[in-house]
């Protein structure tokens, strides 16, 4: 993957986050129409902010997202935007989510910064993209496990 330096007034940056989050109690509720709806909502929220989604994979019990936000957006802000927006809309559309889990997402998440060009001590963007895209091929059983 080649370096894609983005610019804004007063800054030039090359930034990517690998974000992983799970439903409360890691319940496997992200299948079928919920999965499709979640993917659409994540893409809509990214578009609203002007963030680029490099890779997205929704597993039954967690989400992997590789996103390239603006340099002014902190990792916690990016994660909270996706989690809050998707929880609100999915719980409104799918009543079974309200009865299966008290809140859709757990309070925690994992965020790692990702270099778009390989450097020592940093996972490359290509490695993260490949990991996310081949997740189902490596998952034990029917797509479980992180």
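Between residue 40 and residue 91, what's the calculated FRET efficiency when r is the beta-carbon distance and R0 is 22 Å? Round to 0.05.
On the way: r = 15 Å, r/R0 = 0.69.
It comes out at approximately 0.90.
Figure the gain on full extension for residue 49 and residue 130 (residue separation times 0.36 nm, minus the Cα-Cα span) and round it to one decimal in nm.
Details: separation 81, 0.36 × 81 = 29.16 nm, distance 2.46 nm.
Length gained between residue 49 and residue 130: 26.7 nm.
With a Förster radius of 35 Å, plug the Cβ-Cβ distance of residue 70 and residue 33 into 1/(1 + (r/R0)^6) and report the FRET value to the nearest 0.05. Numbers along the way, then the final one.
Values: r = 31 Å, r/R0 = 0.90.
Calculated value: 0.65.
Which whole-number percent is the relative contact order of region 6-138 (Cα, under 8 Å, 6+ apart)?
Details: 201 pairs, mean separation 46.0, N = 133.
Answer for region 6-138 is 35 percent.
Read-outs: derived from the displayed coordinates by stated rules, not from any lab. Keep in mind it's a predicted model, so treat the numbers as computed, not measured. In this analysis, Cβ positions are derived from the backbone assuming ideal geometry, glycine residues included, and neighbour counts consider all displayed protein chains.
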